[in-house]
Amino acid sequence: MPTATVNATRMELMRLKHRLRTALRGHKLLRDKRDELMRRFLELIRENRALRTRVEEGLMRAYRSFNVAAALMSAEGLEQALLYPCRSTALEVGRANIMGVETPVYRFQTRVGVEGERYPYGFAATSGELDGAVDTLTAVFPDLLRLAQMEKTTQMLAGEIESTRRRVNALEHVMIPDLEENIRVISLKLEENERGGAVRLMKVKDRMLAESAAGRRRETAEALGLLS
């Protein structure tokens, strides 16, 4: 049913038809965008699941090594060994555009303080398990950063998918049906007005024909009266 009272004029009908064409095009574009976002989202979800499993396995190995090292070393010795790191990491946050959604891109660069130095401690007073934990964390760090990027990207895509879905539903179930109904109502009123106008013209024509016939009869009667 129409959402509001509309003027039953041809100008209004043309305006509503133009809005309907625009709404239909917008609906198709938004629906295509929603479908493509869903495809990208599902791809990220599958990649995210595999990456999360790999990161969790790496972190578990690192934690096990740290626990063994903590059992073999004193708490003060472990804290002293890791007190001064020999590496620093610079993180840069960029942007990537996915179907109009600005998603983050994380890049990092690791700097080593002393050339060739891998560990921030000596080997005499530390356990080999600590070396394994540090190596495992170093190896898992790129995957961990990639996982954080993917988690944020999927979160943003999910929000955009929901927003696009609401707009598609609003167009599909509210705006387009209302426009179509208003167009139908105006078209019916215009057709009714045209039929009413045609009936009036026919009545005027019949009246004019009747008046013309009556006039001819009077003229004939007058002529006959003059002849007699």
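All of the numbers you see were taken from the coordinates with simple rules; none came from a lab. All of these numbers come straight from a predicted model, not from anything done at the bench. Note that each Cβ is placed from the backbone with ideal geometry, even for glycine, and that neighbours are counted across all protein chains shown.
Structure notes:
Residues checked against (1) assigned to a helix (DSSP H, G or I); (2) farther than 18 Å from residue 181 by Cβ; (3) of a type in the set (Phe, Trp, Tyr):
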| residue | (1), (2), (3) |
| --- | --- |
| 7 | no, no, no |
| 19 | yes, no, no |
| 22 | yes, no, no |
| 30 | yes, yes, no |
| 34 | yes, yes, no |
| 38 | yes, yes, no |
| 43 | yes, yes, no |
| 52 | yes, yes, no |
| 60 | yes, yes, no |
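- Any hit, the range 81-94, residues being in a helix (DSSP H, G or I) and touching a residue at least 12 places away in the same chain (Cβ under 8 Å): yes
- Residue within the range 67-90 that is under 18 Å from residue 146 (Cβ atoms), surrounded by 15 or more Cβ atoms within 10 Å (Cβ to Cβ) and basic (Lys, Arg) present: no
- Qualifying residue in the range 164-180 (condition: under 30 Å from residue 51 (Cα atoms) and either part of a helix (DSSP H, G or I) or touching a Leu at 6+ places or on another chain (Cβ under 6 Å) (or both)): yes
- Residue 53 being closer than 30 Å to residue 185 by Cα and either touching a residue at least 24 places away in the same chain (Cβ under 8 Å) or among the β-branched types (Val, Ile, Thr) (or both): no
- Within the range 131-187, being of a type in the set (Lys, Arg) and under 21 Å from residue 37 (Cβ atoms) holds for 146, 152, 165, 166, 167.
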